[in-house]
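Let me begin by presenting the structure, written as structure tokens, before commenting on it.
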Amino acid sequence: MVCKNSDSVEKLKAKHVKLLESSFEPKKIHRGYADRSLYVNLTTNEVKVKPISEEMKNKFIGGRGYGMKYLWDAVNPDTRWDSPENEIIIAQGPIGGITQYPGAGKSYVVTISPLTDLPMDSNVGGYFGPLCKFSGFDALEIQGKAKRDVIIFIDGDNNKVSIEEAPEECVNSHILAETLTEMYADSEEDKRNVSVVSAGLAAENSRIGLLNFSYYDLRRKKCKLKQAGRGGIGSVFRNKKIKALVVKKSGVKGDLNNPYDMDTIVKLGVKLHREIYENDKDQCWMRVHGTTQLIDVMTPHDLLPVNNFQYGQHPEALKLGKSSFEKMFDLGKPDGCWYGCTLACAHALKDFEIKTGPYKGQKVFTDGPEYESLAGCGSNCGIFDPVALVETNFYCDTYAIDTISFGTTCAFIMECYERGIINQEITGGLDLRFGNWEAQMELMHQMARGEGFGVVAGQGIRRLKKLFVEKYGVDRAFLEDIGMEMKGLEFSEYITKESLAQQAGYGTANKGPQHDENWLIFMDMIRNQMPTFEDKAEALYYFPLFRTWFSIVGLCKLPWNDIMPADNHLTDEPAKVPEHVDNYVALYTAVTGKDFSKEEMLHQSERVYNLQKVFCLKMGKGLREYDYPPYRSVGPVTVEEYESRKERYDKQLKEKIGVNPEGMTVEDKIQVLRKYREEQYQTLLDAVYKRRGWTRNAIPTLEKLEELGIAYPDVVEVVKRFL
């Protein structure tokens, strides 16, 4: 089955059936806000423009904050990902859309996840969020389910919203984005004013679907894609029978946010642009390597996941690193995913020839893989061919599969296969050994076709563990140790065995083990900047809140600490990059006109973060028991793992535990080490919960809710059920 468009764009458009067209009043942005949202119900074909109250704006700010509050109000404890009342919310923050400061094009997507049954948030670049905002909406809420595939078109130029049945277009994103950009643009130049949100075939047949947000590259005359990847948001999208969201808004200028103080914004932007130009080549070289350089960084420190997180290094690892992709990327053209981003990390490849699947033999323009894709689908699965990984990434994008969940799930399956837990009879003939890229790709193609073991794999690790235990009688405890998921979400791609802080960073993250809340490995393991439990707990208080703040105002995290002032190492708290924090404080005031401080920044974030925590309780999870990671993220599970770092572990037995390992079996050493490490983790959880103002069972106290101004009756009711 090849998903392609056989008709012209004009013929495809002619087959659309307009179910609704609704006009709205134009709205000028004021100091970063339109102060209204757009609500679309696909069951009733209803469109409403809803005002956003001052209380909503002051307490939840925008972005993820708006998303969480709208979703909280929309669902009940029995709502699941495929319930009609589940919403997909795409929201922007007040800073989002400015063109002077790098990384200001982010929007945030929120829904109930098919993997976790919890509120999921995922950040994404591209043009959709800013163009939607400039059309007059701080957020888009989509509820209900359509009967047949529909396109929601927001025409910001003519102030109209339409819902159109769209029966013929191929849903795979590399085709659909190009098709709809051409369909809704008036000219080649006008294509830059159109953005498409889509999800491909695999999102229909799995729980790990993502959303692709497009933006048109005028230099290359191609659409590029950015992903809201985590938690199966694309699967919700296709379950609602949404083929695409399209927004069109022309006339983007640097002052459309109508900020309070444009001069300060310009000065802050000029300072950071200069810093990027001067320091990037000596720090991360994002403008050339993107995040592929992280392969080179992780490997020497034993942090690169190999063979389902068993090991942190591999002799062939650097084949996936920056030097390979510097030769492959189509460099020399603007590579930011929103206007004005000189960090420019969104690299692409042109004329890449596909070797498998429905597009075999075709040459495509495709986005280059990020670190998480290379580590997850590559090293973690024992695959070290950079060309193969480009194709894996291409298909994950166009089929709309989260590369992190796909790669981590494949790695789990491969280990189960190699250990004889499953066999070819169960996999439908697929030889899923580590390193077998062809089998991995066939698994993905099956997922897209909705057939075979690919559909089983697409349910994610939590459901695979349950299946293997109940159907095949596998040892549950062993699968729990090696199945790298928490709360139902697959781990992102870092080895955490020697970083207690990062273990807790993954473990206590509201949505599951994703590094966008905390990335503390270097501070903890390499630099030893957090020697005590209290130090770690303080970091696990501060960093999730600081990262949350990016998600509510519409900023990318990369310009914060991937590029730093040259003298940052001389500051009192270099990990926080204090000069950049000061920039953000000034930037927020310059956009909104509100007095602001670092303390208020954390207060804004803490309010949203705690609402999300209570939301997890509302949906039946969120207590301490859900914050325990699989043991493989804490220490060695198997004899092979222990012996691969025998000197390290034996030394720890002697120096940290006071046990002489001589004469002990490896199995006994593993158990002694495990008891110690699990006790350390428990002690850190106590310290983290205390610092966050939660009980020992991970419940925000009523005093904390009062302090944050979110002691609403329905919030308090949820918390009281667990206290």
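Some points to look at:
- Test: ALA177 is of a type in the set (Gly, Ala, Ser) and part of a loop (DSSP other than H, G, I, E, B): no
- Restricting region 126-165 to residues that are among the small types (Gly, Ala, Ser) and at pLDDT 95 or above, the residue that is surrounded by the most Cβ atoms within 10 Å (Cβ to Cβ) is GLY129.
So that you can scan it fast, the table gives a plain yes or no per residue for (1) assigned to a loop (DSSP other than H, G, I, E, B); (2) under 18 Å from the mean Cα position of the chain (by Cα):
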position: ALA501; (1), (2): no, no
position: GLN529; (1), (2): yes, no
position: TYR541; (1), (2): no, no
position: CYS556; (1), (2): yes, yes
position: ILE563; (1), (2): yes, no
position: ASP595; (1), (2): yes, no
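- A residue that is touching a residue at least 24 places away in the same chain (Cβ under 8 Å) and closer than 17 Å to HIS289 by Cβ occurs somewhere in region 392-409.
- Within region 180-206, the set of residues being among the acidic types (Asp, Glu), assigned to a helix (DSSP H, G or I) and more than 25 Å from ILE461 (Cα to Cα) comprises GLU182, GLU189, ASP190.
- Meets criteria (among the small types (Gly, Ala, Ser) and not assigned by TED's automatic domain parsing to the domain that holds ASN123) for GLY254: yes
- In the set (1) within 27 Å of VAL639 (Cα to Cα); (2) surrounded by fewer than 21 Cβ atoms within 10 Å (Cβ to Cβ), LEU432 fails one condition alone, (2).
- Some residue of region 506-522 being more than 30 Å from LYS59 (Cα to Cα), assigned to a loop (DSSP other than H, G, I, E, B), in contact (Cβ under 8 Å) with a residue 12 or more places away in the chain and touching a Leu at 6+ places or on another chain (Cβ under 8 Å): no
- One residue from THR508, THR427, THR398, THR403 being under 30 Å from THR683 (Cβ atoms) and either modelled with pLDDT of 95 or more or crowded, with 21+ Cβ neighbours inside 10 Å (or both): THR508
- Number of residues in region 334-355 that are surrounded by fewer than 17 Cβ atoms within 10 Å (Cβ to Cβ) and part of a loop (DSSP other than H, G, I, E, B) equals 2.
- Note on region 10-42: among residues that are part of a strand (DSSP E or B) and of a type in the set (Val, Ile, Thr), the one that is nearest to the chain's Cα centre (by Cα) is VAL40.
- Residue within region 245-252 that is crowded, with 19+ Cβ neighbours inside 10 Å, touching a His at 6+ places or on another chain (Cβ under 6 Å) and at pLDDT 95 or above present: no
- Only residues that are part of a helix (DSSP H, G or I) and without any contact (Cβ under 8 Å) to a residue 24 or more places away in the chain were counted in region 597-613, giving 3.
- Where helices (runs of 4 or more DSSP H) fall entirely within region 406-463, those with at least 3 residues that are hydrophobic (A, V, I, L, M, F, W, C) are at 437-449, 452-457.
- For the residues LYS704, LYS690, the requirement of being closer than 25 Å to MET56 by Cβ, in the same structural domain as ASP535 (by TED's automatic domain parsing) and surrounded by 12 or more Cβ atoms within 10 Å (Cβ to Cβ) singles out LYS704.
- Flag for TYR628 being of a type in the set (Phe, Trp, Tyr), assigned by TED's automatic domain parsing to the domain that holds TYR689, out of contact with any strand residue (DSSP E or B) (no Cβ under 6 Å at 6 or more places or on another chain) and more than 21 Å from ILE710 (Cβ to Cβ): yes
- Subset of region 687-709 (residues that are assigned to a helix (DSSP H, G or I) and either touching a residue at least 24 places away in the same chain (Cβ under 8 Å) or touching a strand residue (DSSP E or B) at 6+ places or on another chain (Cβ under 7 Å) (or both)): ALA687, VAL688, TYR689, LYS690, ARG691, ARG692, LYS704, LEU705, LEU708
- Number of the condition not met by THR44 [criteria: (1) surrounded by 17 or more Cβ atoms within 10 Å (Cβ to Cβ); (2) within 30 Å of GLY450 (Cα to Cα); (3) of a type in the set (Ser, Thr, Tyr)]: (1)
- Scanning region 58-101 for residues that are buried (at least 24 other Cβ atoms within 10 Å of the Cβ) and in a loop (DSSP other than H, G, I, E, B) gives ILE61, GLY62, GLU87, GLN92, GLY93, PRO94, ILE95, GLY96, GLY97, ILE98, TYR101.
- The set of residues in region 279-329 being touching a His at 6+ places or on another chain (Cβ under 7 Å) and of a type in the set (Asp, Glu) consists of GLU326 alone.
The values are calculated or read from the model by the stated rules, or taken from the named source; none is laboratory data. Owing to the predicted nature of the structure, the values given are computational and were not obtained by experimental measurement. Methodologically, a virtual Cβ is constructed for each residue, glycine included, from the backbone with ideal geometry; neighbour enumeration extends over all protein chains shown.
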